[in-house]
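This report refers to the structure that appears directly beneath it.
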Amino acid sequence: MKEQGHWEWSNETGPRGNLREAVALFDTEENMQAAVDDLESHGFSNAAISRPVPPEEVAAAIHQPVFDTADLEDNAGVPREPVDDNNSRTGITMVAVLTPLYLLLLAGAAFAAGHGLGTWEAIVLIVGLGALGVVGAGFYVTKLVSERRARIQAEKSLGGLLLWVRTGSQEQERRALEILRRHAGRDVHLHGPPLLQ
């Protein structure tokens, strides 16, 4: 992404200062994720792609209830977060499962060694603690998945999944708009300061 000083628009501010962005709403998470993957494969940094935080956090930040996601498209006061793609979610899930499993196995082995347990006693203890770790991790992952589904459903019920893409040139604008439309983006448009003449 180009530095701001080299961007192709004036210093007149738009909704988010001297930033131009492509904006779109999506009806499904699959279409939104496909658009994000396509954007990244065409040179857009993950840091240039953002989403609003959960609706309840948005409402608290802008001090009014959210009735329609479309009302947030050009609102600079809406707090944002990076898009968590499939790879990052998979990584988080793996860490959530393996970390407690590893720690409990390690604790079991240390306890067995420190207390002089026999081989079979040590095995039973370690396997039991490992199973406990897997159950705990499974509960945590299930909770995360449930919360994510509830959030996506809440956003859909408010009108769609909102995505912003920061652009640094007219060519990036053209490409971003084309990609967002290709993946069934709705209300696709640009906002920000005017282009330099």
Discussion item. When you check Leu19 against the structure, is it at pLDDT 95 or above and surrounded by 19 or more Cβ atoms within 10 Å (Cβ to Cβ), yes or no?
Written reply: no
Item to complete: Go through the range 32-65 and count every residue that is touching a Gly at 6+ places or on another chain (Cβ under 8 Å) and surrounded by fewer than 18 Cβ atoms within 10 Å (Cβ to Cβ).
Response: 2
Worksheet item: Quick one: in the range 66-107, which of the residues that are surrounded by 15 or more Cβ atoms within 10 Å (Cβ to Cβ) and small (Gly, Ala, Ser) is modelled with the highest pLDDT?
Response: Ala70
Worksheet entry | Asn31, sole failed condition from (1) at pLDDT 95 or above; (2) assigned to a loop (DSSP other than H, G, I, E, B) | (2)
Response to the item:
Flagged pairs (Cβ under 7 angstrom, 6 or more apart or on separate chains; first in the range 162-191, closer than 10 Å to Glu21 by Cα; second buried (at least 23 other Cβ atoms within 10 Å of the Cβ) and among the hydroxyl-bearing types (Ser, Thr, Tyr)) are Glu173/Thr167; Ala176/Thr167
Discussion item. Just to be sure I understand, how many residues within the range 142-197 are more than 16 Å from the chain's Cα centre (by Cα) and either surrounded by 20 or more Cβ atoms within 10 Å (Cβ to Cβ) or outside any helix (DSSP H, G or I) (or both)?
Written reply: 25
Worksheet item: Here are Ala107, Ala122: which of them is touching a residue at least 12 places away in the same chain (Cβ under 8 Å) and touching a Leu at 6+ places or on another chain (Cβ under 9 Å)?
Response: Ala107
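The values are calculated or read from the model by the stated rules, or taken from the named source; none is laboratory data. Not measured: the values here are computed from a predicted model. A quick note on method: Cβ atoms are made from the backbone with ideal geometry, for glycine too, and the neighbour counts reach across all protein chains shown.
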